[in-house]
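Trainee: For reference, the structure I am asking about is given below.
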Amino acid sequence: MTERSKARIQEDLRRRDLLKMLGLGGAALASVPLLSACGVGGGEKAGNGAEEVKGSFDWKKAKGTTIRILQTPHPYQMAFRPLLKEFTALTGIKVVPELVAEADYFTKLNTELAGGSGTHDVFMTGAYFIWQYGPPGWMEDLTPWLKNSAATNAEYDFEDIYEGLRTSTRWDFKIGSPLGSGGQYAIPWGFETNVIAYNKTLFDKRGIRPAETFDNLIQLATDLTDRSANRYGIAFRGSKSWATIHPGFMTQFTREGGKDYVTEGGKLVPAMNSPKAVEFTGKWVEMAKKAGPTSWTTYEYPNCTQDLGDGVAAMVYDADSATYPKNKPGASKQAGHLGWHPGPAGPDGSYATNLWTWSLAMNAKSKKKLAAWLFIQWATGKQAMNLAAKNASFADPVRKSVFDGTFKQTLGTFPGYLETFEKVIDSTKIQFTPQKSFFETTEEWAVALQNIYAGQNPKSTLDALARTVGPKVNA
């Protein structure tokens, strides 16, 4: 996802008053306990169509149907585009995809969902957007579909999808409730962990090893910085966007013991101004000054990965799937020279890692829900995902069986990638506290980082941020 598109998203999502005007809220969404049979969260609503599917499972149950899917150009989408004909042959369902550039994608999706349109039956979404689109009832709870053996292939194996991804796309929309409760509002399709990619050839020549503590990372990045040679130690995002907070920052923030919010008395209390959070934030911004790009406050992930690929940045703390392509032959000047490392563990040994997942969701207003579910089920299933991982650049697969099988075979020329993934995957999940004002309040957090970078006191700046966001997240 580009930062330009995220900025556009925030402008649209900030207009939360639209939900109030429409009279929509989360209170109408009921939830049921966790399902012991398949590990799927509750949140089932009566009459969504799943209960009408009877008999044994058959891929041809919706034969002759045409569905429309809304997508944005992305390696995941491109990997599956050639496979759509196989889905049609399997099911008899015709798929009409519509691609919208990232700069306009969520604007279009937001408008369609808010207007109650069922034009597109399935759409791509990120997990954070569930917190925005789920409460007003725009997204279908997929729990009843997963439960129904007449609608879901016995070989689907939902639990083969990494647990941190399954829980990250499940919530009950209640203030203070953790992820993993409530309905399953999307199925993960592809994802990324946030770790360090580095110039391994440079490190090897100098006899350098990646840093194992945060303080050592700051010192290493500073030592590798030579402004006169247009080389600096570490790149990470710094633009005025919620996306500045979610990759490397939130990962290391969590490892160092930081929390965004804590729950007290049924309300969220901001904690990004706790002593641990203030200390970490001050160090993070100081690292940006001493060892980051000189135009850090404009930096987005393409800038970071470009500098790594050009040999300007020695390290990048960001998504593994964003740095992964730079090591492919001919993809960058440093192709073949890159390596991966989990990044520093926290003082207690924590490798908590924040994630992003592109997922597939069903439009609650769809008139073709069985066909839509069959498509989501197929696209997130083992067979199609194995083909995508084999034939295209698909980092990272959401299924353990696919990662351990087909995808692992592609990693021979990616030093440390597999070891890094295996080190962090059990601790990889969304590290944020779910809340309905996520985009607005997290952008304000990014603005606070920029203000500290400009010279403001970390403690007073984060205290002011906490006072600002507190009422919003509890509204």
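Trainee: Under the condition of being aliphatic (A, V, I, L, M) and part of a loop (DSSP other than H, G, I, E, B), which residue from region 326-352 is nearest to Pro302 (Cα to Cα)? Walk me through it before giving the result.
Mentor: Residues of region 326-352 that are aliphatic (A, V, I, L, M), as a first pass: 331, 335, 338, 345, 352.
Subsequent filtering for residues that are part of a loop (DSSP other than H, G, I, E, B) retains 331, 335, 345, 352.
Working: Ala331: 13, Ala335: 16, Ala345: 26, Ala352: 24 Å.
In this case the residue turns out to be Ala331.
Trainee: Moving to a separate point now. Looking at region 161-208 only, could you name the residues that are over 20 Å from Asn327 (Cβ atoms) and either surrounded by fewer than 19 Cβ atoms within 10 Å (Cβ to Cβ) or among the basic types (Lys, Arg) (or both)?
Mentor: If we filter region 161-208 for residues that are over 20 Å from Asn327 (Cβ atoms), which is where we start, we get 161-189, 207.
Within region 161-208, Glu163, Arg166, Arg170, Lys174, Ile175, Gly176, Ser177, Pro178, Gly207 meet the criteria.
Trainee: Let me ask something else about it. So if I check each of Leu411, Leu370, Leu374, which one is modelled with pLDDT under 95 and either in the same structural domain as His74 (by TED's automatic domain parsing) or among the aromatic types (Phe, Trp, Tyr) (or both)? Give the steps one after another, and end with the answer.
Mentor: Working: Leu370 fails: modelled with pLDDT under 95; Leu374 fails: modelled with pLDDT under 95.
That would be Leu411, the only listed residue that is modelled with pLDDT under 95 and either in the same structural domain as His74 (by TED's automatic domain parsing) or among the aromatic types (Phe, Trp, Tyr) (or both).
Trainee: Follow-up question, since we're still on this one. Of all residues in region 270-302, count the ones that are touching a Lys or Arg at 6+ places or on another chain (Cβ under 8 Å), within 29 Å of Lys333 (Cα to Cα) and polar (S, T, N, Q).
Mentor: Of the residues in region 270-302, 2 are touching a Lys or Arg at 6+ places or on another chain (Cβ under 8 Å), within 29 Å of Lys333 (Cα to Cα) and polar (S, T, N, Q).
Trainee: From Phe106, Phe123, grab the single residue that is assigned to a strand (DSSP E or B), among the hydrophobic types (A, V, I, L, M, F, W, C) and in contact with a Leu (Cβ under 9 Å, 6 or more places away or on another chain). Before the answer, list the steps.
Mentor: Details: Phe106 fails: assigned to a strand (DSSP E or B).
It is Phe123.
Trainee: Continuing with this model, one more query. Yes or no: region 409-426 includes at least one residue that is in contact (Cβ under 8 Å) with a residue 12 or more places away in the chain, outside any loop (DSSP other than H, G, I, E, B) and small (Gly, Ala, Ser).
Mentor: Checking region 409-426: not a single residue is in contact (Cβ under 8 Å) with a residue 12 or more places away in the chain, outside any loop (DSSP other than H, G, I, E, B) and small (Gly, Ala, Ser).
Trainee: Considering region 353-392 alone, what residues qualify as being crowded, with 24+ Cβ neighbours inside 10 Å and assigned to a loop (DSSP other than H, G, I, E, B)?
Mentor: Correct list: Asn354 only.
Trainee: Name the one entry in Ala103, Ala62 that is among the small types (Gly, Ala, Ser), at pLDDT below 90 and in the same structural domain as Asn153 (by TED's automatic domain parsing). Walk me through how you get there before you give the answer.
Mentor: On the way: Ala62 fails: at pLDDT below 90.
Matching residue, one of Ala103, Ala62: Ala103.
Trainee: Please go through region 284-330 and pick out each residue that is of a type in the set (A, V, I, L, M) and out of contact with any strand residue (DSSP E or B) (no Cβ under 9 Å at 6 or more places or on another chain). If you could, list the steps in order and put the result at the bottom.
Mentor: Residues of region 284-330 that are of a type in the set (A, V, I, L, M), as a first pass: 285, 287-288, 291, 308, 312-316, 319, 322.
If the condition is that a residue be of a type in the set (A, V, I, L, M) and out of contact with any strand residue (DSSP E or B) (no Cβ under 9 Å at 6 or more places or on another chain), then Val285 is the only one that fits.
Trainee: Within region 249-300, restricting attention to residues that are more than 20 Å from Ala464 (Cα to Cα) and either small (Gly, Ala, Ser) or in contact with a Cys (Cβ under 6 Å, 6 or more places away or on another chain) (or both), which residue is surrounded by the fewest Cβ atoms within 10 Å (Cβ to Cβ)?
Mentor: My answer is Gly265.
Trainee: Identify, from the list Glu155, Glu159, the residue that is in the same structural domain as Lys382 (by TED's automatic domain parsing), assigned to a loop (DSSP other than H, G, I, E, B), among the acidic types (Asp, Glu) and touching a helix residue (DSSP H, G or I) at 6+ places or on another chain (Cβ under 9 Å). Spell out the reasoning first.
Mentor: Values: Glu159 fails: assigned to a loop (DSSP other than H, G, I, E, B).
Matching residue, one of Glu155, Glu159: Glu155.
Trainee: A further question on this structure: Go through (1) out of contact with any strand residue (DSSP E or B) (no Cβ under 6 Å at 6 or more places or on another chain); (2) outside the structural domain of Gly258 (by TED's automatic domain parsing) one by one and return the number of the condition Asp396 breaks.
Mentor: That leaves (1) as the condition not met.
Trainee: Just checking, does region 201-219 include any residue being in the same structural domain as Leu449 (by TED's automatic domain parsing) and in a strand (DSSP E or B)?
Mentor: The initial filter retains those residues of region 201-219 that are in the same structural domain as Leu449 (by TED's automatic domain parsing), namely 201-219.
With in a strand (DSSP E or B) added as a condition, the list becomes none.
No.
Trainee: Taking only pairs six or more apart or across chains, which ones have beta-carbon atoms under 8 Å, a first residue in region 318-338 that is farther than 9 Å from Thr305 by Cβ, and a second residue that is basic (Lys, Arg)?
Mentor: Short answer, once both residue conditions are applied: Gln334/Lys326; Ala335/Lys326; Ala335/Lys328; His337/Lys200; Leu338/Lys200; Leu338/Lys326.
The values are calculated or read from the model by the stated rules, or taken from the named source; none is laboratory data. Here the structure is a predicted model, which is why all the values come from computation and not from measurement. Positions of Cβ are backbone-derived with ideal geometry, glycine not excepted, and every protein chain shown enters the neighbour counts.
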